[in-house]
Amino acid sequence: MKIEINLNDIMGDEYGSTESLAESIHRQVSDTIADHVRKGVTQKVNEEVNKAIQDGIAAELKSKMPSLVDDLMNAEYTPVNSWGAKSETTTVRAQLIKAVSENLVYKKQSYRSEENAFTKAVDATIEHLVSQFKADFNQKVDASFKQEALRVATTSILAKLGVSQAA
């Protein structure tokens with residue numbers, strides 16, 4: 001049995017050109033290095049462009065934001081309900097003021113989850129102040145009780161011992 005290998009089939013291209021092993025290695029190494037450099041440069045350029053775009057947008061937003069927010073708060077619009085009926089024209093600022101003032105009413109509900117934020121805040125503040133008062137009151141009552149109990153016990157012991165109490 002005889003096996004023949006034609007290196008032109010292995011090392012050659014579709015046009016019949018052949019390159020030496022050194023040329024093949026050189027070409028593959030240079031192609032790999034060029035691909036890595038190209039990818040690195042592309043990534044670095046993309047990062048720098050994205051950073052420049054983000055910095056530009058941030059600077060522009062910073063300069064435009066106060067007037068933009070003010071314009072949005074004062075822009076008039078006409079609310080429409082789910083049936084398509086139009087209400088009277090209003091602004092976001094007016095609706096915020098209305099919503100806040102409506103919710104600044106202390107109103108107890110059957111369930112804690114139904115209470116508004118103002119009611120919850122008032123209840124939490126009152127609960128904190130009452131618990132603080134209770135702790136102070138108990139401390140003062142305990143101190144007063146201890147002092148009175150010691151006075152009564154001292155008087156009782158002195159009376160049983162027959163010692164007169166000096167003023």
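For the reader, a short list of remarks on this structure follows.
- When restricted to residues that are closer than 30 Å to Tyr106 by Cα and either assigned to a loop (DSSP other than H, G, I, E, B) or among the basic types (Lys, Arg) (or both), segment 125-167 contains 1.
- Scanning segment 153-167 for residues that are loosely packed, with under 10 Cβ neighbours inside 10 Å and either of a type outside the set (Ser, Thr, Tyr) or in contact with an Asp or Glu (Cβ under 6 Å, 6 or more places away or on another chain) (or both) gives Lys160, Leu161, Gly162, Val163, Gln165, Ala166, Ala167.
- Residues (assigned to a strand (DSSP E or B), of a type outside the set (Ser, Thr, Tyr) and surrounded by 10 or more Cβ atoms within 10 Å (Cβ to Cβ)) located in segment 71-122: Val80
- Scanning segment 104-113 for residues that are within 28 Å of the chain's Cα centre (by Cα) and not hydroxyl-bearing (Ser, Thr, Tyr) yields Leu104, Arg112.
- Set Ser101, Ser63, Ser82, Ser87: member being over 30 Å from Thr119 (Cβ atoms), modelled with pLDDT under 90 and either outside the structural domain of Ala121 (by TED's automatic domain parsing) or within 37 Å of the chain's Cα centre (by Cα) (or both): Ser63
- Sole exception among (1) of a type in the set (Asp, Glu); (2) more than 37 Å from the chain's Cα centre (by Cα); (3) surrounded by fewer than 10 Cβ atoms within 10 Å (Cβ to Cβ) for Asp35, by number: (3)
- Residue check, Ala52 outside any loop (DSSP other than H, G, I, E, B) and surrounded by 10 or more Cβ atoms within 10 Å (Cβ to Cβ): yes
The values are calculated or read from the model by the stated rules, or taken from the named source; none is laboratory data. Quick caveat, the model's predicted, so the values are computed rather than measured. Don't worry about glycine lacking a Cβ; one is built from the backbone with ideal geometry, like all the others, and counts go over all protein chains shown.
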